[in-house]
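Trainee: Encoded as structure tokens, here's the structure I'll be asking about.
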Protein chains: 2
Amino acid sequence: MKDAMRAEPTASDGSPKAPRRPTIGVFDSGFGGLTVLKALLELVPDADYVYFGDTARLPYGSKSVETVGRYAVEAAHYLESHGAQMLVIACNTATALALDRITSAAHVPVVGVIEPGAEAAALSTKNQKIVVIGTDATVSSHAYRTALEARGLSAREKACPLLVPLVEEGWVEHAVTEQVAHIYLTEAFADGFRNADTMVLGCTHYPLLKSLLRRVTPDHVNIVDSAETTARAVASHLGQLVPAAGQEERRALPRMKFFATDSVEKFRRLGERFLGHPIVDVQHVDLKE
Amino acid sequence: MKDAMRAEPTASDGSPKAPRRPTIGVFDSGFGGLTVLKALLELVPDADYVYFGDTARLPYGSKSVETVGRYAVEAAHYLESHGAQMLVIACNTATALALDRITSAAHVPVVGVIEPGAEAAALSTKNQKIVVIGTDATVSSHAYRTALEARGLSAREKACPLLVPLVEEGWVEHAVTEQVAHIYLTEAFADGFRNADTMVLGCTHYPLLKSLLRRVTPDHVNIVDSAETTARAVASHLGQLVPAAGQEERRALPRMKFFATDSVEKFRRLGERFLGHPIVDVQHVDLKE
């Protein structure tokens, strides 16, 4: 798989030019992956990005493993055909249900969101007790529990299905959202997990609620933001594969190109809240459903 | 189209037997249509029902007119192939985006949810000012506004995107839901619509919130439940087409058969909350996505 990263690019005048900034493909069923892209822009600014939001076919959570796998592979190939030299599966459901299949089908390295989050939780915890919050689909897959137990940790996975719609309604600092989060977290930090010392944000929508969640989470708890940890995993991966870019290239701003399967206007409007940057270059993609 | 309703059925021994109880097909992208089925069971008990919930492909709200039309026609044909002699499109989005196409493709009469709701609002209002609450997709389609304006009424359509997830979380009598509803309705009953005297529940999930919504809606407002009004439209349609059943048949309980494109277990669990009856006979249907 590393071979694809070694391909020697050429400059626009045709002369050999190595190494140039990599193009990273980021994939999500919708908007949540934009929080991962936001973290990538901060941590890996010396790259260009292509983002695929499969907004017409979301949510993946209610779909079968077979269907999610097929959709995700289709998106992965789309991003490769638009120059992606590495793929970030910035969607917990797609990672949980289809990471192996995407990795097999792709011709470039693939990074998911779950392993980096589990690894960060393992580094953070002192008492081996982890709370993971996520959507129904992610919790039902038990992908986090599996990844955490493989590291000798105990995990309580708590589904918080109202948090995504609250974020999409824009109520990220709303009293209602705080009340809902308080209810969910009280249920999560109970019984054997009352003293859990680490909480993983196992949904790429949740970084938008980080300061609100900080207020309603017990003080002793360290919050692991899986968007940030995924960006760190990408940076470390690139560090191994791509030599440091030249000084001139460092100064260049990342180019970002977005593809969405549903309304471009809606993607721009909702997406900017997640990314924290203007979204300019969005193209509609028509995939057979 | 009426011809299909006139087809003479035969009893199991092959002898002619007329008129027998009709089989009504009910279609929704998910669970909401079960509130329409619930109203039908009360109003038209002398019938058998086949229900199709396209749970693997929901929500229809984010999909194109073309895609929703294709899905809905596929579901309509599926229900016809399972004996439906009439189709109820118990989904506001499918009605808004695809009723004409379904009606053209079907071989039996088709009833949607929007016209009956608009008609009931027209009969209820004294001052011609109607508030309609619904999902983003239904509100964006302006199908209710069009239907109400055609009757000389003014409409304010208000999207309430959090109400569906709150219902699906089971928080139908929860303080959080009351607070959310209060916020939405305060925004809806404002300015020129402060004195609107009728509110249409333009989403088939909302009948589960009827008593909560009653508490937070101004006292002078009449609430039109489009599940009930649709059931009444079906009853009136059947009254014209099917002669009253014999006494013996009246005593028979409706037979209900359910088809779901996603998990049967989830359909049973969530569906019973909407239907208020046990859901026994559910079959999984695998449709190409």
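The values are calculated or read from the model by the stated rules, or taken from the named source; none is laboratory data. This is a predicted model, so every value here is computed, not measured. Methodologically, a virtual Cβ is constructed for each residue, glycine included, from the backbone with ideal geometry; neighbour enumeration extends over all protein chains shown.
Trainee: Criterion first (away from every other protein chain (no Cβ under 14 Å), in contact with a Lys or Arg (Cβ under 8 Å, 6 or more places away or on another chain) and under 20 Å from B:Pro161 (Cβ atoms)) does B:Phe189 satisfy it? Outline the logic, then answer.
Mentor: Numbers: away from every other protein chain (no Cβ under 14 Å): yes; in contact with a Lys or Arg (Cβ under 8 Å, 6 or more places away or on another chain): no; under 20 Å from B:Pro161 (Cβ atoms): yes.
For B:Phe189, the condition - away from every other protein chain (no Cβ under 14 Å), in contact with a Lys or Arg (Cβ under 8 Å, 6 or more places away or on another chain) and under 20 Å from B:Pro161 (Cβ atoms) - is not met.
Trainee: While we're on this one: Return the residues of the range B:50-64 that are out of contact with any Gly (no Cβ under 8 Å at 6 or more places or on another chain) and over 18 Å from B:Gly202 (Cβ atoms); say none if nothing qualifies.
Mentor: Restricting attention to the range B:50-64, the residues satisfying the condition of being out of contact with any Gly (no Cβ under 8 Å at 6 or more places or on another chain) are B:56-57, B:60-64.
Within the range B:50-64, B:Ala56, B:Arg57, B:Lys63, B:Ser64 qualify.
Trainee: Only one of B:Thr146, B:Thr125, B:Thr138 is more than 27 Å from A:Val176 (Cβ to Cβ) and in contact (Cβ under 8 Å) with a residue 60 or more places away in the chain. Can you tell me which?
Mentor: Residue meeting the stated conditions: B:Thr125.
Trainee: Moving on to the next point. Could you please give the count of residues in the range B:44-77 that are within 14 Å of another protein chain (Cβ to nearest Cβ) and either among the hydroxyl-bearing types (Ser, Thr, Tyr) or closer than 22 Å to B:Pro161 by Cα (or both)?
Mentor: Within the range B:44-77, residues that are within 14 Å of another protein chain (Cβ to nearest Cβ) and either among the hydroxyl-bearing types (Ser, Thr, Tyr) or closer than 22 Å to B:Pro161 by Cα (or both) number 16.
Trainee: Would you call A:Thr135 at pLDDT below 95, within 14 Å of chain B (Cβ to nearest Cβ), under 19 Å from A:Thr35 (Cβ atoms) and touching a helix residue (DSSP H, G or I) at 6+ places or on another chain (Cβ under 8 Å)?
Mentor: Values: at pLDDT below 95: yes; within 14 Å of chain B (Cβ to nearest Cβ): yes; under 19 Å from A:Thr35 (Cβ atoms): yes; touching a helix residue (DSSP H, G or I) at 6+ places or on another chain (Cβ under 8 Å): yes.
So A:Thr135 fits the description; yes.
Trainee: Right, another one. Only residues in the range B:162-179 that are more than 9 Å from chain A (Cβ to nearest Cβ) count as the first member; pair them with residues that are among the hydroxyl-bearing types (Ser, Thr, Tyr) and crowded, with 17+ Cβ neighbours inside 10 Å, Cβ under 7 angstrom, at least 6 apart or cross-chain, and list the lot.
Mentor: B:Leu163/B:Tyr206
Trainee: Any residue at all in the range B:44-63 that's more than 16 Å from B:Thr138 (Cα to Cα), in the same structural domain as B:Thr261 (by TED's automatic domain parsing), among the polar types (S, T, N, Q) and assigned to a helix (DSSP H, G or I)?
Mentor: no
Trainee: Could I ask something else about it? Let me confirm something: among B:Leu153, B:Leu162, B:Leu148, which residue is crowded, with 17+ Cβ neighbours inside 10 Å and under 15 Å from B:Tyr206 (Cα atoms)?
Mentor: B:Leu162
Trainee: A follow-up question, please. Restricting attention to the range A:75-93, does a residue exist that is out of contact with any strand residue (DSSP E or B) (no Cβ under 8 Å at 6 or more places or on another chain) and more than 25 Å from A:Ser236 (Cβ to Cβ)?
Mentor: Within the range A:75-93 (the criterion being out of contact with any strand residue (DSSP E or B) (no Cβ under 8 Å at 6 or more places or on another chain) and more than 25 Å from A:Ser236 (Cβ to Cβ)), the answer is yes, since at least one residue qualifies.
Trainee: Follow-up question, since we're still on this one. Which of the following residues is touching a helix residue (DSSP H, G or I) at 6+ places or on another chain (Cβ under 7 Å), of a type in the set (A, V, I, L, M, F, W, C) and at pLDDT below 95: A:Ala121, A:Ala105, A:Ala96?
Mentor: A:Ala96
Trainee: Considering each of B:Lys158, B:Lys126 in turn, give the residue that is of a type outside the set (Phe, Trp, Tyr), touching a Phe, Trp or Tyr at 6+ places or on another chain (Cβ under 7 Å) and more than 25 Å from B:Val44 (Cα to Cα). Working first, answer last.
Mentor: Values: B:Lys126 fails: touching a Phe, Trp or Tyr at 6+ places or on another chain (Cβ under 7 Å).
The conditions single out B:Lys158.
Trainee: Also: Say whether the condition of being within 21 Å of the chain's Cα centre (by Cα) and not in a loop (DSSP other than H, G, I, E, B) is met by at least one residue in the range A:172-180.
Mentor: no
Trainee: Being among the aliphatic types (A, V, I, L, M), out of contact with any Lys or Arg (no Cβ under 9 Å at 6 or more places or on another chain) and not in a helix (DSSP H, G or I) is the filter; apply it to the range A:138-161 and report the residue that is nearest to the other protein chains (Cβ to nearest Cβ).
Mentor: Going through the qualifying residues, I end up with A:Ala159.
Trainee: For the range A:20-33, give me each residue that is under 15 Å from A:Ala75 (Cβ atoms) and in contact with a strand residue (DSSP E or B) (Cβ under 8 Å, 6 or more places away or on another chain).
Mentor: Result: A:Ile24, A:Gly25, A:Val26, A:Phe27, A:Asp28, A:Ser29, A:Gly30, A:Phe31, A:Gly33.
Trainee: Residues being assigned to a strand (DSSP E or B) and touching a residue at least 40 places away in the same chain (Cβ under 8 Å): count how many of those fall in the range B:183-232.
Mentor: Here is the first cut: in the range B:183-232, the ones assigned to a strand (DSSP E or B) are B:198-201, B:222-225.
If we keep only those that are touching a residue at least 40 places away in the same chain (Cβ under 8 Å) too, we end up with B:198-201, B:222, B:224-225.
Qualifying residue count, the range B:183-232: 7.
Trainee: I would also like to ask the following. On the basis of being under 19 Å from the mean Cα position of the chain (by Cα), surrounded by fewer than 21 Cβ atoms within 10 Å (Cβ to Cβ) and either more than 14 Å from every other protein chain (Cβ to nearest Cβ) or under 17 Å from B:Val176 (Cβ atoms) (or both), does A:Val234 make the cut? Step through it out loud before you land on a result.
Mentor: Details: under 19 Å from the mean Cα position of the chain (by Cα): yes; surrounded by fewer than 21 Cβ atoms within 10 Å (Cβ to Cβ): no; either more than 14 Å from every other protein chain (Cβ to nearest Cβ) or under 17 Å from B:Val176 (Cβ atoms) (or both): yes.
Judged against the criteria, A:Val234 is not a match.
Trainee: Anything in the range B:80-131 that is under 14 Å from B:Gly33 (Cα atoms) and outside any strand (DSSP E or B)? List them, or say none.
Mentor: B:Ala90, B:Cys91, B:Asn92, B:Thr93, B:Ala94, B:Thr95, B:Val113, B:Ile114
Trainee: Same structure, new question: Can you tell me which residue is farthest from the other protein chains (Cβ to nearest Cβ) among those in the range B:79-102 that are buried (at least 19 other Cβ atoms within 10 Å of the Cβ) and more than 14 Å from B:Ile114 (Cβ to Cβ)?
Mentor: Here the answer is B:Gln85.
Trainee: I'm checking my understanding of the structure. Among residues of the range B:44-68 that are within 24 Å of A:Gly30 (Cβ to Cβ) and under 17 Å from the mean Cα position of the chain (by Cα), which one is surrounded by the most Cβ atoms within 10 Å (Cβ to Cβ)?
Mentor: Across the range B:44-68, the extreme among qualifying residues is B:Gly53.
Trainee: Out of all the residues in the range B:179-209, which are surrounded by fewer than 17 Cβ atoms within 10 Å (Cβ to Cβ) and not hydrophobic (A, V, I, L, M, F, W, C)?
Mentor: Within the range B:179-209, B:Gln179, B:His182, B:Thr186, B:Glu187, B:Asp191, B:Gly192, B:Arg194, B:Asn195 meet the criteria.
Trainee: Among residues belonging to the range B:264-289 that are at pLDDT 85 or above and part of a loop (DSSP other than H, G, I, E, B), point out the one that is surrounded by the most Cβ atoms within 10 Å (Cβ to Cβ).
Mentor: B:Ile279
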